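Below: the structure, in structure tokens.
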Amino acid sequence: MLKKLKIFKNKKILITGHNGFKGSWLTIWLIILGAKVVGISLKDNNQNNHFNLVKKKIKIKSYYFDIRNKKRVQDVVLNEQPDYIFHLAAQSLVYKSIINPRFNWETNVIGLLNLLESISKLKKKCYGIIVTSDKCYKNLEQNKGYKETDILGGIDPYSASKASTEILFHSYYKTFFISKKNIRLCTARAGNVIGGGDWSSYRLIPDCMKMWLNNSVPIIRNPKSTRPWQHVLEALSGYLILAYQLTKNKKISGHSFNFSSDKIKNITVLEFLKKIKKKWPDVKWKIKAKNKFYESSLLQLNNSKAKKILNWNAKLNINETIDFVVEWYKYFNINKKNMFSVSCNQISKYMNKKI
Ligand SMILES: NC(=O)c1ccc[n+]([C@@H]2O[C@H](COP(=O)([O-])OP(=O)(O)OC[C@H]3O[C@@H](n4cnc5c(N)ncnc54)[C@H](O)[C@@H]3O)[C@@H](O)[C@H]2O)c1
């Protein structure tokens, strides 16, 4: 299926959030595929930011401004006339949504509204993937995976804003886009992803990696809890295949699709860390008594719609996922100037891997 991605060659692609964790990998991937990439993000001066580590090696036009600014979003969309848009710009962390809920709501909801209004002014053909989250679903504390038809919800401001972006998208689509023949759009819902170049706080793997690279010892509070582990390239392959299928099949326009790994099941945090240690023997951690506060169960996604309609499949098992993650951070530790070739190699390996 990934062979079909050659359709992106020479296409103009707008990625919002191109210097974020997922956006930076998507940018490199599309550049490898021969696309002309344009990005919108907020400036990030952190030298270790994945995009900053690779930007000298790639040809890309970056616009740095706030997507809450409707005029600027519209100017870029209308001036650049993209063939494809991947919308990833968002306030992406639950803890930050609690510290600054207004920025979270405005960025995630008004930012999307600005983009949809701009897209509606395009006269040319354009295909767009709006990235939301597994957190858009109302958490019913169930053990089975959520389907695209399940009820939306979300209590913390981040999750609620992601449910709101889904409602905004479907309302806007059915009211303004359904009769437009030149525009096709979908939303994509994926869960927490892991991979090289993520430096976010309050995420288990980036927090551990930062401490290990600093020769410190992280404290693990919930060693027995499981996570819906998924490598970033799995989710991105879903977004790319969705854009490809959207080009070929107008019937899927207006739909939402879940992307989750079914190759990795029920791996606890402790088992995951032990597997990392096998590949990186220097790493250590301390276990602290379990948090006595109630922890809501993590959302799992049912990916059967993406498998059936898009012919998308997850590729990586737990060991392959950990290999990619550890390899990236180990190389970063040795020579961070080389990260463009490390990231490119991982994308090529992923593309060539059989299911
Ligand atoms: N990383 C995950 O595990 C995960 C899980 C589920 C959903 N998502 C979603 O995927 C998308 C990308 O996530 P990520 O992990 O790469 O996030 P990230 O925080 O690493 O990157 C966010 C990007 O959005 C940009 N941005 C934020 N606010 C902006 C604003 N007001 N104006 C312009 N640009 C702005 C940032 O500059 C950055 O490029 C987001 O929509 C996020 O909610 C991520």
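See the values below:
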| item | result |
| --- | --- |
| Residues located in the range 176-226, provided they are closer than 23 Å to Glu166 by Cβ and within 13 Å of the ligand (Cβ to nearest atom) | Thr187, Ala188, Arg189, Ala190, Gly191, Asn192, Val193, Ser200, Arg203 |
| In the range 25-49, the residues that are in contact with a strand residue (DSSP E or B) (Cβ under 6 Å, 6 or more places away or on another chain), within 20 Å of Lys336 (Cβ to Cβ) and in a loop (DSSP other than H, G, I, E, B) | Lys43 |
| Gln74, sole failed condition from (1) more than 24 Å from Gly254 (Cβ to Cβ); (2) assigned to a helix (DSSP H, G or I); (3) of a type outside the set (Gly, Ala, Ser) | (1) |
| Hey, Lys22 within 13 Å of the ligand (Cβ to nearest atom), in a helix (DSSP H, G or I) and of a type outside the set (Ser, Thr, Tyr) or not | yes |
| Residues of the range 121-132 satisfying the condition of being within 9 Å of the ligand (Cβ to nearest atom) and of a type outside the set (A, V, I, L, M, F, W, C) | Thr132 |
| Lone qualifier among Ser164, Ser118 - being within 14 Å of the ligand (Cβ to nearest atom) and over 21 Å from His255 (Cβ atoms) | Ser118 |
| Of all residues in the range 238-262 being assigned to a helix (DSSP H, G or I) and within 21 Å of Phe21 (Cβ to Cβ), the one that is nearest to the ligand (Cβ to nearest atom) | Tyr239 |
| Residue in the range 204-218 that is farther than 27 Å from Ala243 by Cβ, of a type in the set (D, E, K, R) and touching a residue at least 60 places away in the same chain (Cβ under 8 Å) present | no |
| Answer residue from the range 42-101, given it is more than 12 Å from the ligand (Cβ to nearest atom), among the polar types (S, T, N, Q) and surrounded by fewer than 16 Cβ atoms within 10 Å (Cβ to Cβ) and is nearest to Thr187 (Cα to Cα) among those | Gln81 |
| Qualifying residue in the range 58-66 (condition: farther than 26 Å from Leu242 by Cα and either free of Cβ contacts under 8 Å to residues at least 12 places away in the same chain or of a type in the set (A, V, I, L, M) (or both)) | no |
| Criterion (of a type in the set (A, V, I, L, M, F, W, C) and in a strand (DSSP E or B)) met by exactly one of Ala235, Ala188 | Ala188 |
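Each reported figure results from applying straightforward, stated rules to the coordinates on display, with no laboratory input. It should be emphasised that the depicted structure is a prediction, and the values quoted were computed from it without experimental measurement. Counting neighbours? That spans all protein chains shown, and the Cβs are built from the backbone with ideal geometry, glycine included.
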